[in-house]
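Participant: So that we are looking at the same thing, I have put the structure below in structure tokens.
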Amino acid sequence: MSEQHLTAVAEVAAAAARAGGAVLRESYGQVRNIRHKGLVALVPEADVNAERTIVELIRSHFPTHRILAEEGSVGGDDASHRWIVDPLDGTTNFAHGVRAFSVSVGYERDGKLAAGAIYDPNLDELFLATAGGGATLNGSPIVASETDELIRALVATGFPYDRSLVSKALSQFAALSVQCQALRRVGSAALDCAWTAAGRFDGYWENVINAWDVAAGALIAAEAGAIVTDVNGAPFQVDAGTILMAAPGLHAKLLAAVTAATAR
């Protein structure tokens with residue numbers, strides 16, 4: 001892919017994330033027409049509207065590209081290009097009036113992540129990265145933290161919607177809570193990734209995750225210098241369903257701690 005094309009893709013990813021965020025910002029505090037998918041997962045009307053806005057913007061620039069979005073997929077003719085979109089990451093927070101949610105727009109070329117944008121409409125923060133081009137926050141370069149000890153690390157995690165899988169996450173949380181400086185459960189995987197990229201968090205892991213939650217964030221964190229794998233330490237794959245990322249000096253220690261907690 002030419003640098004010019006990748007730049008154009010990144011610009012569309014950023015514009016799409018901002019456009020989706022504008023929809024969420026306008027709808028925040030006026031949540032209505034919420035439907036459920038499963039026992040606890042919510043789908044506010046704003047989620048659907050933001051996705052429509054994002055998809056229409058992407059297709060206006062790249063009509064043949066495929067788009068995988070949380071609330072539905074749009075098929076294009078060119079399978080070598082895939083956009084992976086979460087129009088509202090942190091849905092439960094949004095529905096309850098908690099200002100911790102974001103928009104995530106990732107892009108793959110030939111199965112490899114090449115561009116990603118995460119937008120936090122509450123703080124007006126745009127995290128952006130291209131493969132080999134580094135990561136930025138509102139245009140300024142960002143780097144992962146230099147923390148190399150768990151006891152000095154602020155680490156994030158998330159819990160699955162499937163209640164049968166929560167006990168495993170709770171066991172890990174209990175074990176890591178006494179090994180790290182502190183743990184956080186923000187409720188937006190995209191923000192967990194972005195904040196790890198920016199050095200606010202020193203690491204983040206999650207046992208059950210969807211591609212649209214972390215496609216953009218995995219690339220942004222990696223381009224900021226974090227090490228990104230699955231929870232078993234294998235190379236990260238966007239469709240694998242798990243993720244573990246951390247500062248370079250911390251990754252092996254976080255991986256070992258999560259692995260040990262899982263084996264209990």
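Participant: For segment 205-220, what does the Karplus curve 6.51 cos²θ - 1.76 cosθ + 1.60, with θ = phi - 60°, yield as ³J(HN,Hα) per residue in whole Hz, taken in order and with x for Gly and Pro?
Facilitator: Once θ is set to phi - 60°, the couplings for segment 205-220 become 9, 7, 7, 10, 8, 9, 4, 5, 6, 10, 4, 5, x, 4, 5, 4 Hz.
Participant: Give me the three principal axis extents of the chain from the C-alpha atoms, as integers in angstrom, largest value leading.
Facilitator: Over the chain, Cα extents along the principal axes are 49, 43, 31 Å.
Participant: Amide H neighbours of Ala114 under 5 Å, at least 5 residues apart or on other chains, H built in the peptide plane: list them.
Facilitator: Hits under the 5 Å cutoff: Tyr107, Glu108, Arg109.
Participant: What is the packing order of peptides 187-194, 247-254, 174-181, taking the mean over residues of other C-beta atoms within 10 Å and listing the highest first?
Facilitator: 187-194, 247-254, 174-181
Participant: Can you pull the Rg over Rh of segment 117-264, Cα-only, Kirkwood?
Facilitator: That ratio is 0.94, to two decimals.
Participant: Still on this model: Just grab the label-to-label distance for Ala79 and Arg184, each label 7 Å out from Cα along the Cβ direction, in nm (one decimal).
Facilitator: Simple spin-label model gives 4.0 nm for this pair.
Participant: Rounded to the nearest 0.05, what FRET efficiency do Leu170 and Ala22 have when you use their Cβ-Cβ distance and R0 = 41 Å?
Facilitator: Plugging the Cβ-Cβ distance into 1/(1 + (r/R0)^6) gives 0.65.
Participant: Would you please give the residues with an amide H less than 5 Å from that of Gly76, counting only those at least 5 places away or on a separate chain, with H modeled from the backbone geometry?
Facilitator: Residues meeting the criterion, in which the H sits 1.01 Å from N, are Arg66, Ile67.
Participant: With +1 on each Lys and Arg Cβ and -1 on each Asp and Glu Cβ, how big is the dipole of the chain about its Cα centre, in debye rounded to the nearest 20?
Facilitator: It works out to roughly 680 debye.
Participant: Of Phe236, Phe173, which has the most accessible area and how do the rest follow, probe 1.4 Å?
Facilitator: Largest to smallest exposure gives the sequence Phe173, Phe236.
Participant: Rounded to a whole number, what is D in µm²/s for segment 61-126 from Stokes-Einstein with the Kirkwood radius over alpha-carbon pairs (20 °C, 1.002 mPa s)?
Facilitator: Here the translational diffusion coefficient equals 167 µm²/s.
Participant: Starting from one equal scatterer on each C-alpha and no solvent at all, send me the Debye-based log10 I(q)/I(0) for segment 200-250 at q = 0.30 Å⁻¹, two decimals.
Facilitator: Result of the Debye calculation: -1.29.
Participant: Please return the longest range in the chain lying between exposed loop sites, taking GluC sites (Glu not before Pro), DSSP loop only, at most 15 other beta-carbon atoms within 10 Å, and leaving the sites out.
Facilitator: 1-145
Participant: Now for a separate question. Using only DSSP helix segments of four residues or longer, with each worth -39500 (n - 2.57), what per-residue ellipticity at 222 nm results for the chain after dividing by its residue count and rounding to 500?
Facilitator: Calculated from helices alone, the mean residue ellipticity at 222 nm is -11000 deg cm²/dmol.
Participant: Have a look at Ala240, Ala144, Ala221 and tell me which one the Gaussian network model of the chain (Cα, springs below 10 Å) gives the largest fluctuation.
Facilitator: Checking each option, the largest mean-square fluctuation is seen for Ala240.
The values are calculated or read from the model by the stated rules, or taken from the named source; none is laboratory data. None of these values were measured; they are calculated from a predicted model. Heads up, the Cβs are rebuilt from the backbone with ideal geometry, glycines too, and the neighbour counts pull from every protein chain shown. These area figures cover heavy atoms from the full protein model, side chains too; ligands, DNA and RNA do not enter into them. Shrake-Rupley method; radii C 1.70, N 1.55, O 1.52, S 1.80 Å.
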